[in-house]
Amino acid sequence: MIAGEFDVVVVGAGNAGMCAALAARGEGARVLVLEAAPFDERGGNSRYTAGALRFVYNGVDDLLKLCDLSETEIATSDFGTYTTDKYYDDLGRLTDYRSNPDMAELLITKSQETLLWMRGQGIRFAPMYSRQAFKHDGKFVFWGGLALEAWGGGPGLVEGLFKAAEERQIQVAYEARGEKLIADDDGVHGVVANVEGKTTQIPAKAVILACGGFEANAEMRTRYLGPGWDLAKVRGTRFNTGGGINFQKHSYPFAIMVNADGVRFCDEGADFRNYTYAKYGRLILEQPHQFAWQIFDQQVVQYQRDEYRIRQVTKVTADTIEALADKMAETGAAVDKRRFVQTIAEYNAAVQREIPYNPTVKDGRTTKGLAIDKTNWAMPLEKPPYEAYCTTCGVTFTFGGLRIDTDGKVLDTAQHPIPGLYAAGELVGGLFYFNYPGGTGLVSGSVFGKIAGTSAGKGVRPE
C-alpha cells in the first residue's frame, strides 16, 4: 500500500530510476518509486545486464577510487586507460555521429563522477576479469574500454540500489504501473497508477519517468523499428512495453558466422564485440530464417565467454566440417552443406597466418581476397572438434524516446521544458543511434538518473 505524501514520484525501478530516487532523496525530497513488476522481478532491464560499466579512467589510480584491488591484482593486470577523447571517438563512431552533443558531453564528463557518487551510496564495483580480460605475456590485459562491472552483475547492482533506497527511507510500490500523468497547463502534478489492480491517484510536485523503452512490446517494435522486429527475442524484462513513451553469444569475433545459405555475411572481427553486437543482432534478423551459426575450433574455444557453457544453448560438435553441417541440420536450423564446406575452405585459405594472433588488441590478422574479409582475429578452422552455436537476434533496449535538456527536464514538441516532468534511462532518446558502445547503457542510466533526480529534488525544495 502507498502511504504518505510525496514530493517526487519516480516511475520505474531500474538503475536509472533508482539513481534518480537516491539523488532526489539526497536533496531532501520525499520520494516514491513505482515498480510495475512484482518484488521478485524488480529492477527492470538492469537486473538482466552483465553489469559492465563504460566510464572515463586514466589508469589504475582512478580504478582504486572505485574498487579494492590487491597488490597481486595490480601487479598481474594491465587495466589500460579509457580517456575522455577515446570515449568521444567511440560514441561518435558507433552512432554515426548522431548522438546529441550536449547529452554525449554529460555522459562522458560525468561518468566517473557518477560512479564515485554511486559508491558513496553503497554500490560496489569489481574488475571484469572473467569477461573483459585475456592473459597475454603473463598479464591479464583488459580490452575494449571496459575494466569494471557492478559487483554481482546486474542483479547485484539492483540489490545494492534497493538496499540504499531502503536505508534512505525511499518508499517502493510493487505491481504499480504508471498509466498517465496528472497534468494541466501549469505542468505535471502527479501520476495515475494501477497499483495491484486498483487505479490510484498519486499527487506529487515532480515526476521522473524512468520506465524503460518498448522492447517488450512486439507491436511497437514493428511500428518503430520495422518489419521483422516482432520476431526478435526479448533479452530483458517483460515489463518494458513503452508505457512511458536471452542469453547472449558475444564471442563471435574469434569465430566465423554463417547463415542458412552457408555463407558469411559480416566481418566478425571488425571491432571488439562491445562495439558490434547491437548492429550484428539486427544483421542476423535480416538473414534467411533469422538465424546464424557461430563456428569455433579448438584454437579459439578458450576465448568463449561463460554464456557458451550453460545448458540453454543450441550447440553441435563434430570432428569434420561435413559432419558438423549434418548435425546442424538435425537441430532444424540447417545450412546449405555444399556452400558451407566451400565457405570454410575459402576462409582457411585466405587467413594471413604470418600476422601474430592477439585477442587483447585489434591485431590486424586478416583474411585476403574474400567477398567479406575478416579484419582482426582471423584463425583458420582446422583443429577439431569443431563447435557450432545457433544464434538469433535479441533486443535489449530501444534507442529512441523522450527529448530532455541537460537538467533532465522533458521537453515538449516546441522544445520547452514541461514543468514538473523529468526523465532518465532507456525511454530517453538522442544519445544512441544505430549502435552503441557496450557498457554505456548502465552508465548513461546512472548519469542521467542522477541529473534528473537532483534537478527534481532541488525543484521541489521550499524556498
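Just to make sure I understand: if all protein chains stay in place, what is the order of Glu196, Glu346, Glu41 by accessible area at 1.4 Å, largest first?
Ranked list, largest accessible area first: Glu196, Glu346, Glu41.
Evaluate the distance, in nm, between pseudo-label points positioned 7 Å from the Cα of Gln302 and of Thr109 along their respective Cα→Cβ axes.
4.5
Given Cα pairs under 8 Å that are at least 6 residues apart, what percent is the relative contact order of the range 366-463?
Reported relative contact order: 22 percent.
Restricting to the chain, compute how many DSSP beta bridges are antiparallel as a %, nearest 5.
On the way: 42 of 62 bridges.
The antiparallel fraction comes to roughly 70 percent.
Counting only protein chains, not ligands or nucleic acids, how are Ser455, Ser130 ordered by accessible area (probe 1.4 Å), most first? Spell out each step's value before the answer.
Details: Ser455 25, Ser130 80 Å².
Ranked list, largest accessible area first: Ser130, Ser455.
If we sort 353-366, 374-387 on the protection proxy, mean other Cβ atoms within 10 Å, highest first, what's the order?
374-387, 353-366
Could you work out how much longer the chain between Tyr357 and Asp261 gets when fully extended? Use 0.36 nm per residue separation minus the Cα distance between them, nm to one decimal.
That works out to 31.7 nm of additional length.
Suppose every Lys and Arg Cβ carries +1 and every Asp and Glu Cβ carries -1, with no other charges. What dipole size does the chain come out with about its Cα centre, to the nearest 20 debye? Write down the numbers at each step before the final one.
Values: 50 positive and 57 negative charges, 98 e Å.
I would put it at about 460 debye.
Which order do peptides 3-9, 282-288 fall in by mean Cβ count within 10 Å, highest first?
3-9, 282-288
Which order do peptides 331-343, 302-314, 198-210 fall in by mean Cβ count within 10 Å, highest first?
Packing order, densest peptide first, comes out as 198-210, 331-343, 302-314.
The values are calculated or read from the model by the stated rules, or taken from the named source; none is laboratory data. Small disclaimer: the values here were computed from a predicted structure and weren't measured. All Cβ positions, even for glycine, are placed from backbone atoms using ideal geometry, and neighbour counts span all protein chains on display. Keep in mind that these areas ignore ligands, DNA and RNA; they rest on the heavy atoms of the full protein, side chains included. Shrake-Rupley method; radii C 1.70, N 1.55, O 1.52, S 1.80 Å.
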